Every structure is written in C-alpha cells, then in structure tokens.
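Below is one structure, written out as structure tokens, with a few remarks after it.
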Amino acid sequence: MTAVRLPAGRLLGRLPVRQILCLLPLVLVVAVAVRHRSVLAEGIGHMASAKWPWLLAAVGATCLTWVAAAVTRQGAVIDRLPKLRLLVTQFAAGSANHLLPTGLGASAVNLRFMTVCGLPLARSSAALALYLLAESVARVGLLAALLIAFPHALRLGPLLPDGAWGPLLLAVGAAAVVVGAVFALVRRLRTAVLSFLRTALDEARSVHTRPARALALWGGSLAFPVLQAAGLVLVGLALGLPVPPAHMALAYLAATVAVALVPTPGGLGSVEAALIVALVAAGGPVAVATAVVLAYRIITVWLPLLPGALTLGALVRWKVI
C-alpha cells in the first residue's frame, strides 16, 4: 500500500479560507458574550429602569460616531474613497475592534479596505497612522481643555494609594528608555521606521494642501470623542447620575485616555473599571456610576457587536475587505 503525499499548497487551496474568515467574527462574538454574560445581564437590568428618550439619544450618538470615523478616514487620504462602503466598513471595524486588542481590529479592517480600494500599502499605513494621530491629539486636547475649564471636577486623591504616582512615572520612563535603546541599536528597525515616517509626512503634507481633506480629518477627529462622551452623558441623564454633564464628559475622556495602552479586546473590563472610577471621582455614587457604565457599554459595545460581526463577514465574502 503506497501513501500519497499531497503538496502543501494544493491542500491549503482546498481549504475554504474565505468561508472560515466570514464565520470567525461570529465565533468570537459568541465567545466574548459567554465570557461576559453576567455583565450583559446586569447592564440590561439597569437599562430596564432608565428613561428611554435619553437612551435612544445615546443610541443616536453612537451611530453618529461611525459617521465621524468615516469622515476622518476620508480626511486622512487624498484619494476619494467610496462613501457608502467606507461608512459600512467603519461599522464592521467597530465590531472587530471589540474582538481584538487595543484598536488592532479596526486598524486591520481599514488597512485592508484602503488597499482593496487601490491605495499602496505604504500610503494606506501612513493614512492609518495619520488618523490615529489626529484622533489622539483631538481626544487629549479636549481632555486638557475640560481640565482647564473644570480643574476640580475629578477628585482622584481618595481613590489613589499614597505613592502611586512614583512607580507609575518610573515605569513610563523605563519603557521610554527601552524603546529608545531598541531604536538606536537595531539598524534594520531604524531604517524601516524612518522610511515609514517619510511616507507618513508626505501623506500628511498632501492632505493639508486640500482644505476639504484637512477639515474632514480634524473635524471628524474632534467629533468622534465628543459623540462618545455625549453618549455617556445621555446614559447618565437616563439613570439619574447626580454629576454635571461637563464633568461626566471629562470623566469619560480621562478614563479612555488612561486605558489607551491597556491591551484588552475593545477595552473590555479595563474601560468599565476606569469609567466607574472616573465617575466616582467626579462625585457620582458607586452604585449609580456602575449602572451608568454597564448601560453605556451595552449600547456602545454589545448591541452593535452581532450586526457588526455579520457585516464584517459579509464584507469579507463580497471582497470589500
């Protein structure tokens, strides 16, 4: 009896790779939902006693965040992207973002979308970096403006243990030294990074020579965190959180900036904890702050997750991404 060995390439060609990629988001959604089923149940319970007009307004603000993301993505490139596909891709990217750590899902989906639209990989990566930079600058800028306007809105003293800032600053400094040393010693990495930075700067200059693109980039970057913060404020009003709206918005921005470097899928777990701490620091009772955060995450994460995963699978099947 003679064994027949199939070539590896032929065997891989028979695997339904695209079908597997279509189903993978649904599998991940089920896994994440099962893991966080207690949070889902508690959040839905809190929403049952809320004022529904405010909750519907929060849903509307959440939907507008996808529009803001699409506007910002278009503003990051000179080339005109197909508007409807761009908007749908942002909805699907939001689902991917909650299934993979720290923005990797949305970045991968948008990178693939731009390359399918005909942009070279180098320019697509540069546009992605420009988007992330603009969104980060807008978010931190809004936070700084609110901290200046309301310097005593957050009372973190009772929530932080004595001496907590020292180890934190030491860890940040050590990480910066390690990154600098690696960049200085690894020549191949330094060459690749410098080449990417040149491409990114060229793309940024091209975008800013077009007023419409620059307005879309920075206007969308500013609108995105504003709409996210507005969603939390509206949920807080729905559940009667006794915190001024501006202070709730400040708490949201502070929490999201603080957890930006935490590598968890969509910030699941870390964002909830940071938001509760921030709302308590803004003067909210722990129980009500917890209810607000759970209801907010139901609206912004869990409700769009399944339809977003279905959309993502459809985009893969139709070769949009």
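Just a few scattered comments:
- The slack in the chain from SER206 to LEU306, taken as 0.36 nm per residue of separation less the alpha-carbon distance, amounts to 32.2 nm.
- Put simply, when 193-202, 293-302, 219-228, 60-69 are sorted by average Cβ atoms within 10 angstrom per residue, most first, you get 293-302, 219-228, 60-69, 193-202.
- Region 168-235 and region 298-312 have their alpha-carbon centroids 27 Å apart.
- Treating each Cα of region 38-127 as one equal point scatterer and applying the Debye formula with no solvent, the log10 of I(q)/I(0) at q = 0.10, 0.12, 0.17 Å⁻¹ comes out as -0.35, -0.48, -0.78.
- For peptides 181-190, 121-130, sequence by mean Cβ density within 10 Å, most packed first: 121-130, 181-190
- Alpha-carbon spread of region 117-158, three principal axes, descending order, Å: 51, 21, 13
Read-outs throughout are calculated quantities, based only on the coordinates presented, and are distinct from any laboratory measurement. Since we're looking at a predicted model, the values are computed, not measured. So basically every Cβ, Gly included, is an ideal-geometry build from the backbone, and we count neighbours across all protein chains shown.
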